[in-house]
Amino acid sequence: MEERAAKRPVITSASGIKKLDRISYYGKEFQEAWLQELLAKEPSILPTASIDLVYAPLLCIGREVSVKSGSIDNLYISPKGYIVIVETKLWRNPEARRVVVGQIIDYAKDLKEWDFEKLDAVYKNYTNSMTGIFGALLCNGLLSEDNEATFIDITEKNIKQARFLLMIVGDGIREGVERMAEFLNETPNMQYRLALCELEVYDLGNNERLVIPQLTTKTTIVERGIIRVEGSQESIRIEMHNDEKDFEDRIKKDYSSKSRISIEEWMADAKYTEDQASEFCSFIEDFEDIGYKNYIGTRDTSFAFYDESTKGTIRPALMCFAGGTTAGFQPKAFYSFLEKYGYSERIADELMEGLRNYLSKNQKNRPYEKKEGYYFINIKTLLEQKSEILELFEKFRSNF
């Protein structure tokens, strides 16, 4: 399976070249409702034909379609009688991976109890007209009059057999969701298929946006991966090779002199409450999802940055100290990396200025008087302002 490729579109004109900036995962420029409306108005954005031609083209049957377990964000049908269930999820909404995947599977189970007549009623209510699904496909030239009986019969069979395409669509697909989707799609008794679609959204200015859809693949090179789901617990074992494995080995060597403990033990030593522990675990997962690696030691839990193009590292990019109340970073680590590999210092300047807003007031050194010194952020601030702080680290990483 191919890896998702990094890209940055440009616009060319007589006046030169303009590089487009992707709207950040943690940005607040749009909401899930905007995404749902976009997909309802233009179903062709969804690359369903790349999965199977029976899922294209699509007619939107409804938005926020009520079923027993909740509301389906967007529901579609193809002229061949195949149904597509879409759940939209923005990256910044911190729902657990198994919740995101489990939710759309529950929708499929609910829809399996329906029939064509109910599906048709939903469409008529959505469009506020008496024209049903077949009539709409007929008007669009996607079916002919003598196809009606066959179309309804095939749709009924697909509903009863839960032969659906389930698609999670968002501005970023988390790695944990990718692994769970892979696992479920390898289950032989499943009739439905689970697909993940990432929409890259770029700001063109003048209230215009460029939307690029792509079906996601794994973001890391994996030789063998096993995921096991037991009850409500998720257990993952991944074996890596090549550059990813080299990076792991180098980081582990740096920490070889320290006694290793689990994150649970580290948080217990920090005397975190259950809610605090949950928030901190969520922070770790989100930091890893934007491309940083987490390592646990008896005195700290830290995050390292790895640049694939240079094979260079920044370690640590952020460190949470024993006691669980304070985090810190060292500007020199970032500037030394940029100098070594020929990058502009302005990349680190932007990160440092952004982080300045979240620094604790009682710093030993005046920011950033000594680049080799550590500068500190209260863990409470780190968690309360997680979206804004992670957006800064995400922007830093996007430069490489």
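The values are calculated or read from the model by the stated rules, or taken from the named source; none is laboratory data. Note that this is a predicted model, so its numbers are computed, not measured. As a convention, Cβ positions derive from the backbone with ideal geometry for all residues, glycine included, and neighbour counts pool all protein chains shown.
Out of the stretch 108-124, which residues are of a type in the set (A, V, I, L, M) and surrounded by fewer than 17 Cβ atoms within 10 Å (Cβ to Cβ)?
Going through the stretch 108-124, the residues of a type in the set (A, V, I, L, M) turn out to be 108, 111, 119, 121-122.
Scanning the stretch 108-124 gives a single hit, 121.
Would you tally the residues in the stretch 46-64 being free of Cβ contacts under 8 Å to residues at least 60 places away in the same chain and among the hydrophobic types (A, V, I, L, M, F, W, C)?
At the first step, the residues of the stretch 46-64 found to be free of Cβ contacts under 8 Å to residues at least 60 places away in the same chain are 49, 53-54, 56, 58, 64.
Remaining after also requiring among the hydrophobic types (A, V, I, L, M, F, W, C): 49, 53-54, 56, 58.
Counting residues in the stretch 46-64 that are free of Cβ contacts under 8 Å to residues at least 60 places away in the same chain and among the hydrophobic types (A, V, I, L, M, F, W, C) gives 5.
State whether one or more residues within the stretch 345-354 are in contact with a strand residue (DSSP E or B) (Cβ under 8 Å, 6 or more places away or on another chain), assigned by TED's automatic domain parsing to the domain that holds residue 268 and at pLDDT 90 or above.
First, the residues of the stretch 345-354 that are in contact with a strand residue (DSSP E or B) (Cβ under 8 Å, 6 or more places away or on another chain): none.
Looking through the stretch 345-354, none of the residues is in contact with a strand residue (DSSP E or B) (Cβ under 8 Å, 6 or more places away or on another chain), assigned by TED's automatic domain parsing to the domain that holds residue 268 and at pLDDT 90 or above.
Considering only residues that are surrounded by fewer than 21 Cβ atoms within 10 Å (Cβ to Cβ) and modelled with pLDDT of 80 or more, look in the stretch 161-198 and name the one that is farthest from residue 9 (Cα to Cα).
By that ranking, first place goes to 161.
Give me a count of the residues in the stretch 114-144 that are at negative phi and either free of Cβ contacts under 8 Å to residues at least 40 places away in the same chain or more than 35 Å from the chain's Cα centre (by Cα) (or both). Explain how you work it out, then say what you get.
Initially, the stretch 114-144 is screened for residues at negative phi, giving 114-127, 129-140, 142-144.
If we keep only those that are either free of Cβ contacts under 8 Å to residues at least 40 places away in the same chain or more than 35 Å from the chain's Cα centre (by Cα) (or both) too, we end up with 117-118, 120-121, 124, 127, 129-132, 134-135, 138-139, 143-144.
Residues flagged as at negative phi and either free of Cβ contacts under 8 Å to residues at least 40 places away in the same chain or more than 35 Å from the chain's Cα centre (by Cα) (or both) within the stretch 114-144 amount to 16.
Does residue 322 satisfy the condition of being more than 22 Å from the chain's Cα centre (by Cα) and at pLDDT 90 or above? Can you show your working first?
Working: more than 22 Å from the chain's Cα centre (by Cα): yes; at pLDDT 90 or above: no.
Judged against the criteria, residue 322 is not a match.
For residue 81, all conditions in the list (1) without any contact (Cβ under 8 Å) to a residue 24 or more places away in the chain; (2) assigned to a loop (DSSP other than H, G, I, E, B); (3) of a type outside the set (D, E, K, R) hold save one; what is the number of the exception?
(1)
When the residues of the stretch 293-316 are filtered to those that are of a type in the set (Val, Ile, Thr) and assigned to a strand (DSSP E or B), which remaining residue is nearest to residue 372 (Cα to Cα)?
314
Which of the following residues is closer than 21 Å to residue 280 by Cβ and either aromatic (Phe, Trp, Tyr) or touching a residue at least 60 places away in the same chain (Cβ under 8 Å) (or both): 383, 359, 392? Write out each step before concluding.
On the way: 359 fails: either aromatic (Phe, Trp, Tyr) or touching a residue at least 60 places away in the same chain (Cβ under 8 Å) (or both); 392 fails: either aromatic (Phe, Trp, Tyr) or touching a residue at least 60 places away in the same chain (Cβ under 8 Å) (or both).
Answer to the selection: 383.
Testing residue 316 on (1) touching a residue at least 12 places away in the same chain (Cβ under 8 Å); (2) exposed (fewer than 14 other Cβ atoms within 10 Å of the Cβ); (3) out of contact with any Gly (no Cβ under 7 Å at 6 or more places or on another chain), one condition comes back false. Which one is that?
(2)
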